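One structure is given here, and the rest of the page talks about it.
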């Protein structure tokens, strides 16, 4: 028996869960999640254009930069413009799930893999985004490795406007609906990494990227 199995077995024993009542326990949890009361939330216009604009505004308040393009095919050129403006190399590591984009046609050298310590630019998508706080929700998988958003000093995220949701509760509900079992890692990203530990002075890039650039795809 592995340590993981031993620990989870002890938790199940403490909760009096076993093969005979596991299904009933899952149904009980699902019912509690679907019927629970939510706390106070700010009023947010659910119109798609209003959600996009609020997400853009909140993201910029979190020190992210934002570009908006009409189509997914426009993304590589938009990323080239950003890299040139920031005087960054036109090379990056990206989620393997983004391999269908024409990176080479835009003049970008992109490798679809997990990030390593020498990678300067990481390109990801996102599972969804939260308009309330300007937050990205990223779910890990072999095609969406978490390291791409965490190791490079510059993180570029592709956000589909149709996946911008009003509230954090909506993001979790969508994950339960579409993913079923949650992945190994779920990361919420609200702008560049930062800390105020030293004399309460905000420093970007303390625990991860110190640049976050968002490319929002309208359709």
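Structure notes:
- Tally, over the stretch 80-96, of residues that are under 18 Å from residue 210 (Cβ atoms) and either free of Cβ contacts under 8 Å to residues at least 12 places away in the same chain or surrounded by 15 or more Cβ atoms within 10 Å (Cβ to Cβ) (or both): 7
- Residue list for the stretch 17-38, restricted to those being touching a helix residue (DSSP H, G or I) at 6+ places or on another chain (Cβ under 9 Å) and not in a helix (DSSP H, G or I): 17, 18, 38
- Selection of strands (runs of 3 or more DSSP E) fully inside the stretch 63-160 by the criterion of at least 3 residues being farther than 17 Å from residue 192 by Cβ and more than 11 Å from the chain's Cα centre (by Cα) returns 91-94, 109-112.
- Failed condition for residue 73, given (1) under 30 Å from residue 147 (Cβ atoms); (2) exposed (fewer than 12 other Cβ atoms within 10 Å of the Cβ): (2)
- Residue ID - surrounded by the fewest Cβ atoms within 10 Å (Cβ to Cβ), chosen from residues in the stretch 121-160 that are over 30 Å from residue 47 (Cβ atoms) and touching a residue at least 60 places away in the same chain (Cβ under 8 Å): 154
- In the stretch 184-196, the residues that are surrounded by 15 or more Cβ atoms within 10 Å (Cβ to Cβ) and closer than 22 Å to residue 97 by Cβ: 186, 187, 189
- Selection status of residue 115, over 27 Å from residue 34 (Cβ atoms), crowded, with 22+ Cβ neighbours inside 10 Å, touching a helix residue (DSSP H, G or I) at 6+ places or on another chain (Cβ under 6 Å) and in the same structural domain as residue 58 (by TED's automatic domain parsing): yes
- Residue match in the stretch 41-62 (condition: in a loop (DSSP other than H, G, I, E, B), closer than 30 Å to residue 152 by Cβ and in the same structural domain as residue 143 (by TED's automatic domain parsing)): yes
- Long-range neighbours under 7 Å by Cβ, at least six apart or interchain, first residue at positive phi within the stretch 60-74, second at pLDDT below 95: 63/191; 63/192; 63/204
- Within the stretch 161-187, considering residues that are within 12 Å of the chain's Cα centre (by Cα) and not in a helix (DSSP H, G or I), the one farthest from residue 112 (Cα to Cα): 164
The values are calculated or read from the model by the stated rules, or taken from the named source; none is laboratory data. This one's a predicted model, so the numbers in the text were calculated from it and none came from an experiment. Neighbour counts run over all protein chains shown; Cβ positions are idealised from the backbone, glycine included.
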